[in-house]
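Single-structure report; data block below.
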Amino acid sequence: MQTALEVGVRVQMSGGYTARVRETVRHVALALGAERAECWLSSGSLGLTVHRAGTSHTAIRTVPAIGVNFTELSYLSYLAKRSGDMTIAEVRAELADIAARERRYPVPMVLILLGISCGSFAGLFGADLLGVALAGLGGLAGALVRHIMVKQRFKPFVYCLIAAFVSVSVVLLLALALGADQDPGVNTAVTASILFLVPGVPLLNGTADLLTSNYLNGITRLTRASVIMLGTTFGLSIAVFLWGHA
């Protein structure tokens, strides 16, 4: 039971939606000898009841919010599929190996690539080279601020507001300094510079939960995504108002 729960916790921590977590936990529990398994979960906890030889056992685990790691999610799915041919010790050993792997790319690389992605979006939206450069620099600055604030455990609304404010401020102030504040590409750069804050995975998982009748978890995920977007909108609005850009 504890092994199945641990697999489920890792799946939820890596960005799995509710139905995927539930089915993974049940599959592993049944594969490891349970006669029947019932799983339930919320945004911050995971529970499992297993029935075997006329007895029932229930355990609950809290789930820390770590983020998204689709590489780890793939490894966990592969482990769950093979669990029927493995012993409990073998499953736990491989699970420990998966958990011990580095979850993130180097921070400088991630920040640079986020800046490049924002600049690329500006280019796709029709901005000139100046707009692409401004969006890239704004996205890089905002991503750095968000990273620092997340490490300091600020709430999503706060760090999204500040990160969006910094991104847009960098774009507008650089445009003013270069005398290009009336350039049409600046408006595009402003929009593109905050796209790294779009909560894609919470929106997708929340929608998937609603479509699979997991309404409570779906509403929770979509509410979190809405808070992130609200903070981003406030940050954008404050920066535009402060620097007088229409």
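The values are calculated or read from the model by the stated rules, or taken from the named source; none is laboratory data. Remember, it's a predicted structure, so these values are computed and weren't measured experimentally. Note: ideal-geometry Cβ built from the backbone for every residue, glycine included; neighbour counts use all protein chains shown. Surface areas here come from the heavy atoms of the whole protein model, side chains and all, with no ligands, DNA or RNA. Shrake-Rupley method; radii C 1.70, N 1.55, O 1.52, S 1.80 Å.
Key figures
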{"read-out": "Correct option for Rg/Rh (Cα atoms, Kirkwood Rh) [calculated from the coordinates] among [x] 0.94; [y] 1.10; [z] 1.53", "value": "[y]"}
{"read-out": "Percent RCO, i.e. relative contact order, over the range 60-208, from Cα pairs under 8 Å lying at least 6 residues apart", "value": "23 percent"}
{"read-out": "Among Ala163, Ala59, Ala225, residue whose mean-square fluctuation peaks in a GNM of the chain (springs only between Cα atoms under 10 Å)", "value": "Ala59"}
{"read-out": "Packing rank of 11-17, 201-207, 83-89, where each peptide gets the mean count of other beta carbons within 10 Å, highest leading", "value": "11-17, 201-207, 83-89"}
{"read-out": "With every protein chain in place, the chain: carbon and sulfur % of accessible area (1.4 Å)", "value": "65 percent"}
{"read-out": "Largest-first ordering by accessible area, 1.4 Å probe, given options Thr18, Thr220", "value": "Thr220, Thr18"}
{"read-out": "Full-extension gain in nm, Ile112 to Thr55, via 0.36 nm per residue minus C-alpha separation", "value": "15.1 nm"}
{"read-out": "Computed E for Thr233/Thr71 - FRET, C-beta separation, R0 30 angstrom, nearest 0.05", "value": "0.45"}
{"read-out": "Exposed trypsin sites (Lys or Arg not before Pro) absent: longest stretch of the chain, with sites in DSSP loops and at most 15 other Cβ within 10 Å deemed exposed", "value": "1-100"}
{"read-out": "Gain in span if fully extended, Trp243 to Arg153, counting 0.36 nm per residue against the direct Cα distance", "value": "29.5 nm"}
{"read-out": "Per residue accessible area in Å² of the chain, where ligands, DNA and RNA are left out and the probe is 1.4 Å", "value": "52 Å²"}
{"read-out": "Order of exposure, largest accessible area first, which applies to Tyr75, Tyr105, Tyr159 with probe 1.4 Å", "value": "Tyr105, Tyr75, Tyr159"}
{"read-out": "Accessible area of Glu72 in the full protein assembly, 1.4 Å probe (Å², nearest 10)", "value": "10 Å²"}
